Amino acid sequence: MRKILIAVDLQNDFIDGALGTKEAQAIVKNAVDKINTYPAENIYATRDTHGENYMDTNEGRHLPVKHCIKGTDGREIQSEIKKALRGAHIIDKPTFGSKELAELLKAENEKEPIEIELIGLCTDICVISNALLLKAYMPEVDISVDSACCAGVTPESHDKALDTMRMCQVDVK
């Protein structure tokens, strides 16, 4: 069984930038340590990616904070994490969940059975979106989330997201 790690949106804007939190800053070491336990070919990382027109989008109208704009430092993966990713597959995504990632991993699973572990930011937005999207694409694949390598917008919303994922048969470590 091939074990896949997905590192969701571990970007500057979510750690210490426009939408950063002390909780996000606190998981960086845990995330680096986790990434270092996987071979590069089994790691997929997502990058939240928006254009200059972000504020005109549906997301921008609901979350009116410019972040992860293509070409900015805020969009870049945090430096320690980027170093640990060392050649991982990087997928830019314009919204919370990545259909591209789900389709790639579904094809990988058809070649060879996989297990999936997710880490990243934010637990209550992009991590949960990708976990549930992956579960919908591959209901028989074991999917887990390492809660020590995730942070939410708030500690309370982080915990609620973990509870929701548990209810949807995503294992929470």
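The values are calculated or read from the model by the stated rules, or taken from the named source; none is laboratory data. Small disclaimer: the values here were computed from a predicted structure and weren't measured. Every residue, glycine among them, receives a Cβ derived from its backbone with ideal geometry; neighbour counts consider all protein chains shown.
Selection within the range 1-57: residues that are in contact (Cβ under 8 Å) with a residue 60 or more places away in the chain and of a type in the set (S, T, N, Q). The member of this set that is farthest from Ile114 (Cα to Cα) is Thr21.
Checked against the criterion of being part of a helix (DSSP H, G or I) and either of a type in the set (Asp, Glu) or on the phi > 0 side of the Ramachandran plot (or both), the range 157-166 contains one or more residues that satisfy it.
Every residue in the range 132-145 that is closer than 14 Å to Gly120 by Cβ and in contact with an Asp or Glu (Cβ under 6 Å, 6 or more places away or on another chain), please. Hit for the range 132-145 is Ser144, nothing else.
β-branched (Val, Ile, Thr), touching a residue at least 60 places away in the same chain (Cβ under 8 Å), part of a helix (DSSP H, G or I) and surrounded by 18 or more Cβ atoms within 10 Å (Cβ to Cβ): does that describe Val153?
So Val153 does not fit the description; no.
Do we have Tyr44 as in contact with a helix residue (DSSP H, G or I) (Cβ under 8 Å, 6 or more places away or on another chain) and over 25 Å from Ser147 (Cβ atoms) here?
When the stated conditions are applied, Tyr44 does not pass them.
Within the range 122-133, the residues that satisfy the criterion of being in contact with a Ser or Thr (Cβ under 9 Å, 6 or more places away or on another chain) and touching a residue at least 60 places away in the same chain (Cβ under 8 Å) are Cys122, Cys126, Asn130. Return a yes/no flag: does the range 133-144 have any residue that is outside any strand (DSSP E or B), within 17 Å of Ala45 (Cα to Cα) and not basic (Lys, Arg). Within the range 133-144, one or more residues are outside any strand (DSSP E or B), within 17 Å of Ala45 (Cα to Cα) and not basic (Lys, Arg). The sole residue among Ile90, Ile43 that is under 17 Å from the mean Cα position of the chain (by Cα) and within 12 Å of Leu10 (Cα to Cα) is Ile90. For the range 156-171, the candidate set comprises residues that are within 26 Å of Asp16 (Cβ to Cβ) and acidic (Asp, Glu); within that set, the residue that is surrounded by the fewest Cβ atoms within 10 Å (Cβ to Cβ) is Glu156. Restricted to the range 7-117, the set of helices (runs of 4 or more DSSP H) holding at least 3 residues that are at pLDDT below 95 and surrounded by 15 or more Cβ atoms within 10 Å (Cβ to Cβ) is empty.
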